[in-house]
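> Here you go, one structure.
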Amino acid sequence: MGYSFEQHKIIGAIEADDGFWRALEDGRLQLPRCTGCNHWTWPAHHRCGHCGSWDFAWTDVEPQGTVFTHTRTRYAFDRVLERKDEVPYVTLVVELPGADGARVMGVLTGDESGLAIGAQVRGHIRPPSAKTKHYPAIEWELVR
Ligand SMILES: [Zn+2]
């Protein structure tokens with residue numbers, strides 16, 4: 001596919017979240033968990049804010065959760081022109097019970113009926129594409 005994690009690193013990234021992108025590239029959702037106190041640390045940091053440890057284990061998380069909030073994009077903004085054909089589309093912030101309520105973002109796909117805060121969703125990890133600026137991505141679907 002011509003994709004390589006190293007070629008598509010986020011400009012200005014602090015690299016604490018590299019494990020997130022590497023796991024998505026492998027088709028898995030992983031978040032960092034402190035090896036000192038087991039606290040889920042997301043967004044990623046280099047050091048645990050609870051116990052001070054510098055060590056994290058990238059841990060598999062089921063890509064299922066609940067809608068924490070959502071927004072509908074009705075305009076093809078310059079920075080997301082890749083999605084101009086999908087406007088309007090919905091972006092979710094999803095709370096993951098499998099990671100102590102850590103929250104991740106992604107676009108909603110499929111039938112939108114039943115979309116509400118608290119609705120159950122399942123994530124599907126998609127490979128990098130031009131539409132996602134060559135990053136792997138999680139797309140969410142409402143659970144019926
Ligand atoms: Zn800790």
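> Scan region 93-123 for residues that are of a type in the set (A, V, I, L, M) and free of Cβ contacts under 8 Å to residues at least 40 places away in the same chain and jot them down.
First, the residues of region 93-123 that are of a type in the set (A, V, I, L, M): 93-94, 96, 99, 102, 104-105, 107-108, 115-117, 119, 121.
Within region 93-123, Val93, Met105, Val107, Leu108 meet the criteria.
> Would you point out the residue of region 16-73, among those that are within 16 Å of the ligand (Cβ to nearest atom) and of a type in the set (Phe, Trp, Tyr), that is least open to solvent (accessible area, probe 1.4 Å)?
So, considering only residues that are within 16 Å of the ligand (Cβ to nearest atom) and of a type in the set (Phe, Trp, Tyr), the one least open to solvent (accessible area, probe 1.4 Å) is Trp40.
Rundown of residues vs (1) at pLDDT 95 or above; (2) within 22 Å of Trp21 (Cβ to Cβ); (3) not in a loop (DSSP other than H, G, I, E, B), yes/no style:
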position: Glu62; (1), (2), (3): yes, yes, no
position: Phe68; (1), (2), (3): yes, yes, yes
position: Asp85; (1), (2), (3): no, no, yes
position: Val104; (1), (2), (3): yes, yes, yes
position: Val121; (1), (2), (3): yes, yes, yes
position: Ile125; (1), (2), (3): yes, yes, yes
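> How many residues, within region 116-131, are of a type outside the set (D, E, K, R) and under 19 Å from Gln30 (Cα atoms)?
At the first step, the residues of region 116-131 found to be of a type outside the set (D, E, K, R) are 116-121, 123-125, 127-130.
In the following step, the residues that additionally are under 19 Å from Gln30 (Cα atoms) were identified as 121, 123-125, 127-128.
Adding up the residues that qualify gives 6.
> Scan region 115-130 for residues that are crowded, with 17+ Cβ neighbours inside 10 Å and in contact with a helix residue (DSSP H, G or I) (Cβ under 9 Å, 6 or more places away or on another chain) and jot them down.
Selection gives Ile125, Arg126, Pro128.
> Give me the pairs: first residue in region 59-81 and farther than 24 Å from Gly98 by Cβ, second residue in a loop (DSSP other than H, G, I, E, B), beta-carbon distance under 7 Å, and six or more apart or on different chains, which are they?
That search, which allows pairs on different chains as well, returns Arg72/Pro88; Thr73/Val87; Thr73/Pro88; Arg74/Val87; Arg74/Pro88; Tyr75/Val87; Ala76/Val87.
> Which condition number does Glu112 fail, the rest of (1) open to solvent by 60 Å² or more (accessible area, probe 1.4 Å); (2) charged (D, E, K, R); (3) within 21 Å of Ala23 (Cβ to Cβ) being met?
Here Glu112 clears every test but (3).
> What number of residues within region 87-102 are assigned to a loop (DSSP other than H, G, I, E, B) and more than 21 Å from Asp18 (Cα to Cα)? Show your work before the answer.
The initial filter retains those residues of region 87-102 that are assigned to a loop (DSSP other than H, G, I, E, B), namely 87-88, 100-101.
If we keep only those that are more than 21 Å from Asp18 (Cα to Cα) as well, we get 87-88.
The number of residues fulfilling the criteria is 2.
The values are calculated or read from the model by the stated rules, or taken from the named source; none is laboratory data. Predicted, not measured: the structure shown is a model, and the values here were computed from it. Positions of Cβ are generated from backbone atoms using ideal geometry, with glycine treated the same way; all protein chains shown enter the neighbour counts. Keep in mind that these areas ignore ligands, DNA and RNA; they rest on the heavy atoms of the full protein, side chains included. Shrake-Rupley method; radii C 1.70, N 1.55, O 1.52, S 1.80 Å.
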